[in-house]
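Asks: Please read through the structure below; I'll follow up with questions.
Bear in mind these aren't lab numbers, they're just calculated from the coordinates by the rules spelled out. Predicted model only: the values in this text are computed from it and were never measured. Because the Cβ atoms are built from the backbone with ideal geometry, glycine has one as well, and the counts that use them run over all protein chains shown.
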């Protein structure tokens with residue numbers, strides 16, 4: 001079967017099966033080649049994983065609020 | 001009131017999300033939230049804060065975010081969060097002035113208030129209110 005014949009079949013798969021197929025294909029490709037494929041794009045990472053100053057301020061906000069509740 | 005609840009976590013879901021209901025100032029919003037153990041803070045998108053009736057100008061605690069959120073202004077906001085039929089929990093959010101960000105439940109203070117167990121093999125996320 002050629003790629004041209006395969007693509008319409010893939011298009012008809014549901015999202016879950018497409019993800020499974022993607023995982024299967026990714027496992028067939030060497031890591032170095034995968035890195036070349038994905039390094040061509042930028043992907044936003046929204047997780048504020050190192051926002052320690054914001055964390056400290058939020059913790060102070062929580063402590064201040066707890067003290068206010070205690071004294072109320 | 002139960003202290004533990006389980007949510008489905010199938011093989012096909014890349015990221016762990018759970019349905020929650022946010023309450024603030026008499027308004028409620030039901031939405032999905034990302035459980036993000038790598039996030040230092042809870043993050044609330046701007047539009048959801050507005051739907052809850054919060055007023056940006058009234059929030060005086062300014063929070064400097066990091067990474068690609070560094071340019072996004074954020075302010076502290078307390079919101080009540082209902083998860084299933086657990087007792088509601090009051091969480092402190094970094095309310096970001098951007099609506100394209102996900103609603104994130106992070107270390108401060110979601111993971112300080114609840115234990116979470118990610119069980120891929122059982123296809124479940126277990127949340128325990130302690």
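Asks: For residue A:67 paired with residue B:23, estimate the spin-label separation in nm (one decimal), with each label point 7 Å from Cα along the Cα-to-Cβ line.
Replies: Going by the 7 Å Cα→Cβ label model, 2.9 nm.
Asks: Here is a further query. R0 = 25 Å: FRET efficiency of residue A:26 with residue B:6, Cβ-based, nearest 0.05?
Replies: That pair, residue A:26 with residue B:6, gives E of 0.25.
Asks: Now, a different point. Translational diffusion coefficient, Stokes-Einstein: compute it for the range B:10-130 using the Kirkwood radius over C-alpha pairs as Rh, at 4 °C and 1.567 mPa s, and state it as an integer in µm² s⁻¹.
Replies: The Stokes-Einstein estimate is 88 µm²/s.
Asks: Moving on to the next point. Anyone know which of B:43, B:52, B:105 comes out most mobile in the 10 Å Cα GNM of chain B?
Replies: Looking only at B:43, B:52, B:105, the largest GNM fluctuation is found for B:52.
Asks: Let me ask something else about it. With N set to the residue count of the protein assembly as shown, report its C-alpha Rg divided by 2.2 N^0.38 Å to two decimal places.
Replies: Numbers: Rg = 20.1 Å, N = 202, 2.2 N^0.38 = 16.5 Å.
Rounded to two decimals, the normalised Rg is 1.22.
Asks: Once both labels are modelled 7 Å past Cα along the beta-carbon direction, what's the residue B:32-residue A:5 spacing in nm?
Replies: Between residue B:32 and residue A:5, the simple spin-label model gives 3.7 nm.
Asks: Now for a different question. Counting only helical runs of four or more DSSP H residues, what would the 222 nm mean residue ellipticity of the protein assembly as shown come to if each run contributes -39,500 (n - 2.57) and the total is spread over all its residues? Provide the component values of the computation, followed by the final result.
Replies: Details: 6 runs with 62 residues, N = 202.
Per the formula, -9000 deg cm²/dmol.
Asks: Taking neighbour counts of Cβ atoms within 10 Å as a proxy for exposure, in what order, fewest first, do B:29, A:10 appear?
Replies: A:10, B:29
Asks: Classify the range B:3-77: rounded, prolate or oblate, from the alpha-carbon gyration tensor (a ≥ b ≥ c, eigenvalue square roots; a/c under 1.5 rounded; otherwise prolate if a/b is larger than b/c)?
Replies: Verdict is oblate for the range B:3-77.
Asks: Here's another thing I want to ask about it. Compare the peptides B:92-103, B:69-80, B:113-124 by average per-residue count of other Cβ atoms within 10 angstrom and give them in order, highest first.
Replies: B:92-103, B:69-80, B:113-124
Asks: Which order results if A:23, A:18 are arranged by neighbouring Cβ count within 10 Å, fewest first? It would help to have the intermediate numbers written out before the result.
Replies: Numbers: A:23 11, A:18 14.
So the residues, fewest neighbours to most, are A:23, A:18.
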